[in-house]
Amino acid sequence: MKHNLLLIFLISLIFDCTLLFAANLPTTLEADNVEGDQENNIITATGNVEVTNGGDKLKSNKLVYNKTQKIITATGKATLQSRNVGTVFSEEIKINDDFTNGELIDGKIIFDDGSYIKSPIITRENKSKTIFKNSIFSFCPNPLVKDNPDYINKDVSLFSLKSKNTTINKDESEIKLKKGLLRIKDVPVMYTPYLRVPLRSSGRKSGLLYPSYVNTNNLGFGLKIPYYFNISQNKDLKTTLQYHPSKNNVILENHYRHLLRNGGYNIRIENANNNIAKTDENIEQRWLIDSDGKFNFNNNVGLDFDIEHLSDKNYLRDYHNDFIGYNISHFNLDNIDNNNYNSVKLINIQELELDNDQEFNTIPILSSHLEKRGRKFNETYSLNTDAAMLSKNNGLQYKRLSLTPKITIPKNISGNIFKVSASVQSDLYNIDDTDIYNINESDYDGSITNHRPQASLSWNLPLIKKASKYSLVIEPKANFIVSSYEKDYSKIINEDTNNIELTQNNLFLEDRFVGFDRNESGQRLNYGINSKLFNKFGDFGFGIGQGYRKNNKAQDVKITGFNEDNMSNLVGNLSYKSLKIIDLNYNFQLNNHNYQNEISDLNLSLNFNNFNIYSNYLFIKNDAQSNQKQEQIYLGFRAKIYGNFSTYANITKDIVEDQIIMKRIGVDYNGCCVTYGFSAVEHKPVQFLEAEKSYNIHFTIKNF
C-alpha cells in the first residue's frame with residue numbers, strides 16, 4: 001500500500017513537471033484517483049479532475065494524458081475555462097498539454113450574460129483564436145443559461161445567428177461570422193455573408209447601435225440611426241442621423257465625451273438642414289450646441305461649466321417639443337479653502353420667449369468670502385465681495401461692486417443658542433442705459449452708491465427625547481433683524497432680484513431677497529417651531545412659522561405671504577416617509593386672519609413592488625410674478641402588467657384654465673433578449689392654439 005501511494009505521488013510529480021516544462025507556466029493536477037502506465041507512457045486521472053495551466057483550467061470526470069504525444073483527453077462533463085475566450089462545455093476535449101490548441105466535440109461556450117455559441121466541432125488553434133464549425137450564436141442575454149448550461153438544450157433562443165464558420169479572436173477582441181443567417185426562433189429572416197461582433201469582455205467597440213423611430217406633428221415619421229466611434233479608452237463619439245422623409249428633414253447629432261485625469265467634459269452639436277413650415281423665421285441651417293464639464297484640479301480648486309445655445313428661439317419647440325422660456329449657460333471657477341472661497345462665474349442668458357428677443361450677452365460675476373475666527377468671544381469676522389458686469393444686446397451696460405463686512409457672535413446659555421450679527425452692505429453702481437428698452441434712460445445714467453447697515457439676533461432651543469421605540473426632536477426658534485436703505489429704490493436699477501414667495505425654508509433668512517439690487521429693509525421678527533418624530537412606522541416632520549415686518553420704504557419687488565398689516569401668513573411643512581412605500585411632502589401657506597389656504601404644494605409618491613404612483617398638486621391664490629391665481633395638478637403611474645410588460649402614463653392639467661397641458665402614455669417590454677415600446681405625448685401650454693403631438697417607437701435587440 002505504501003509503495004502504491006509513493007508510485008502515485010511520483011507519477012503525479014512527473015506529470016506536473018512535464019506540463020510545467022511544456023507550457024512554461026505553473027501547472028497543477030488535482031483528482032480523486034491517479035494511475036500511471038509506464039509502458040505506454042500514459043497517466044489516467046478520475047473523479048473531480050482539475051488541471052490548471054496559467055490562467056486556464058480544465059475540469060472533467062476523467063482525464064487521460066499521453067506524455068509521448070503531449071495530448072490531454074478529457075471526457076465526462078468536461079469544461080475548459082479560458083481567460084481569453086470564456087467557459088467551454090464539451091462532451092470530449094482533446095488538447096495539447098500547454099492548452100494552446102486542440103479540439104472539442106459537441107461544445108458550447110457561455111458568456112457572462114448567458115449568451116452562448118454552440119458547435120459540433122470547436123477547434124482551438126491557439127490561446128487567442130478558436131473556430132466553431134456550423135455554429136449557432138445566441139446573442140440574447142439569458143440568466144437561465146448562465147446559471148444552468150443544460151438549459152441550452154431545453155429552449156430555442158428568440159434571436160440567433162447560424163453560420164458555417166464562427167471565429168473568436170481574443171487579440172482582435174471580436175467574434176467573426178461567415179455565411180450567417182439571422183433567425184427568429186428556428187426561422188431564418190436575413191442572410192449576411194460576413195459579420196463582426198465585439199467580445200463581451202472587450203469593452204467598447206465602434207459600430208452601429210440600434211435604430212429608433214419617431215413621429216411628431218412638426219416632422220412626421222422619422223428614423224434615427226446612431227453610430228458609435230470608440231476613439232480611445234477615454235474618448236468616444238456617438239453620431240446619430242435622424243431623417244424625416246415627408247419633410248425632407250435631416251438632423252445630425254454628434255455627442256463627444258472625453259474623460260481626463262482630473263475631470264471630463266461632453267460636447268453635443270445638433271444640426272438641422274431646413275426650417276419647419278409654420279415657423280415665421282426663414283433659417284436654412286438650424287443648430288444646437290450643448291456642452292458641460294467638471295474638473296477638480298486639487299482639493300481646493302474646481303471648475304464646472306454648462307453651455308447651451310441655439311440658432312433661433314424656436315429650435316427646441318420645433319425639434320424637441322421643449323417649451324422653456326430661456327437658456328442659461330454658465331462657467332464657474334471656484335477656490336475653496338475651509339470657510340474661505342473665491343469664485344469667478346460667467347453667465348449667458350438666451351431669451352426664447354419675449355418678442356423683443358433681449359439677450360444678456362455676458363455676465364461676469366466675481367465673488368469672495370474671507371472669514372477669520374476671534375478668540376475672546378468665539379466671534380467670526382467675514383468679508384463678502386461681489387462684483388458683476390452685465391451687457392445686453394439693446395445697449396445696457398451695468399457694473400456693480402458690493403462689499404459686506406460682518407461680525408457674528410454665538411453664545412450657548414443652558415442649551416439656548418443665541419447668535420448676534422452686524423453687517424454693512426455697500427454697493428457701487430456704474431450704469432449706462434442709453435438704449436435700454438422701455439425705461440426712462442435719464443434715471444440711471446452715471447454712478448450710484450448705496451449703503452445698507454443691518455443687525456440681527458437669533459435664538460433656537462433644540463429639545464431631544466429618546467425612548468426605546470421612538471425619537472422626538474422639537475426646536476422652537478426666532479430671529480429679529482433691523483436694516484435700512486440709504487437710497488430710494490427707484491434710484492437703483494434692478495437686474496438681479498425678482499418677486500419671491502415666503503416659505504418655511506426662507507422664513508428665518510436675514511434677507512429673503514435673492515440678489516443685490518434689492519434688499520429687505522426695516523424691522524423684521526420671525527418665529528416658529530420645527531419637529532421630527534422617528535419610530536417604526538416611519539419619519540414624521542412638521543414645522544410652522546410666521547413673520548412680522550415694519551418697512552417704511554416700499555419697493556418694486558414683494559414677498560408673497562405678507563399682508564397689509566405687516567403680519568405674514570402662517571407658512572409650514574408637513575412630511576411623512578415610510579419604509580420604501582410612502583413619501584409625502586406638503587408645503588402650505590395659511591392666511592393669518594381666517595386661516596384659509598393661500599398656497600399649497602403637495603408631492604406624494606407610493607411605491608409598491610409592481611406599481612408606482614407619483615403626483616403633485618400646486619395651488620397659489622395670487623402668484624407674485626403674474627398676480628393671477630395658479631392651480632395645477634400632475635399625476636403619473638408606472639405598473640407591471642404582465643411578465644416583462646409595463647405601462648406608464650402621466651398628465652398635467654391647468655385647473656384654472658381647465659386645460660390639459662401635457663399628457664403621455666406608453667408601454668414597454670424589457671426581456672432578456674429584446675426591449676421595445678411605444679409612447680405618445682401631447683403638449684398644449686395655455687398660450688398654444690393647437691397641441692403638439694409626438695409618437696415614439698423603439699425596438700432593441702440586446703448585444704446585437
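Points worth noting:
- Picking from residues in segment 12-35 that are part of a strand (DSSP E or B) and open to solvent by less than 40 Å² (accessible area, probe 1.4 Å), the one that is modelled with the highest pLDDT is 34.
- Scanning segment 458-495 for residues that are touching a Gly at 6+ places or on another chain (Cβ under 8 Å), open to solvent by 50 Å² or more (accessible area, probe 1.4 Å) and assigned to a loop (DSSP other than H, G, I, E, B) yields a count of 2.
- Residue tally, condition open to solvent by 40 Å² or more (accessible area, probe 1.4 Å) and closer than 30 Å to residue 340 by Cβ, over segment 305-323: 2
- When residues in segment 631-677 are screened for being under 30 Å from residue 158 (Cα atoms), of a type in the set (A, V, I, L, M, F, W, C) and surrounded by 16 or more Cβ atoms within 10 Å (Cβ to Cβ), 4 of them pass.
- Out of 217, 300, 262, sole residue that is under 30 Å from residue 336 (Cβ atoms) and more than 24 Å from the chain's Cα centre (by Cα): 300
- Count - residues of segment 422-457 that are open to solvent by 60 Å² or more (accessible area, probe 1.4 Å), at pLDDT below 95, assigned to a strand (DSSP E or B) and among the hydrophobic types (A, V, I, L, M, F, W, C): 1
- Checked against (1) at pLDDT 95 or above; (2) within 25 Å of residue 631 (Cβ to Cβ); (3) over 34 Å from the mean Cα position of the chain (by Cα), residue 575 passes all but a single condition, namely (3).
- Total residues in segment 102-156 satisfying the condition of being outside any strand (DSSP E or B), open to solvent by less than 10 Å² (accessible area, probe 1.4 Å) and of a type in the set (Gly, Ala, Ser): the figure is 2.
- Within segment 249-266, residues that are polar (S, T, N, Q) have Cβ atoms under 6 Å from residues that are surrounded by 17 or more Cβ atoms within 10 Å (Cβ to Cβ) in these pairs: 249/219, counting only partners at least 6 apart in sequence or on another chain.
- Filter pass, residue 599 being closer than 23 Å to residue 531 by Cα and open to solvent by 50 Å² or more (accessible area, probe 1.4 Å): no
- Those residues of segment 367-384 which are open to solvent by less than 40 Å² (accessible area, probe 1.4 Å) and more than 34 Å from the chain's Cα centre (by Cα), in sequence order: 374, 379, 380, 382
- In summary, residue 573 fulfils each of the numbered conditions (1) over 25 Å from residue 455 (Cα atoms); (2) surrounded by fewer than 18 Cβ atoms within 10 Å (Cβ to Cβ) with the single exception of condition (2).
- Candidates 205, 178, filtered to the one that is open to solvent by 60 Å² or more (accessible area, probe 1.4 Å) and in a strand (DSSP E or B): 178
- Pairs linking a residue in segment 144-168 that is modelled with pLDDT under 75 to a residue that is open to solvent by 20 Å² or more (accessible area, probe 1.4 Å) and hydrophobic (A, V, I, L, M, F, W, C), with Cβ atoms under 8 Å and 6 or more positions apart or on different chains, are 155/144.
- A search for C-beta distances below 6 Å between a residue of segment 393-406 that is modelled with pLDDT under 80 and surrounded by fewer than 18 Cβ atoms within 10 Å (Cβ to Cβ) and any residue that is charged (D, E, K, R) and not in a strand (DSSP E or B), counting only pairs 6+ apart in sequence or on different chains, returns 394/435; 395/435.
The values are calculated or read from the model by the stated rules, or taken from the named source; none is laboratory data. This one's a predicted model, so the numbers in the text were calculated from it and none came from an experiment. Every residue, glycine among them, receives a Cβ derived from its backbone with ideal geometry; neighbour counts consider all protein chains shown. These area figures cover heavy atoms from the full protein model, side chains too; ligands, DNA and RNA do not enter into them. Shrake-Rupley method; radii C 1.70, N 1.55, O 1.52, S 1.80 Å.
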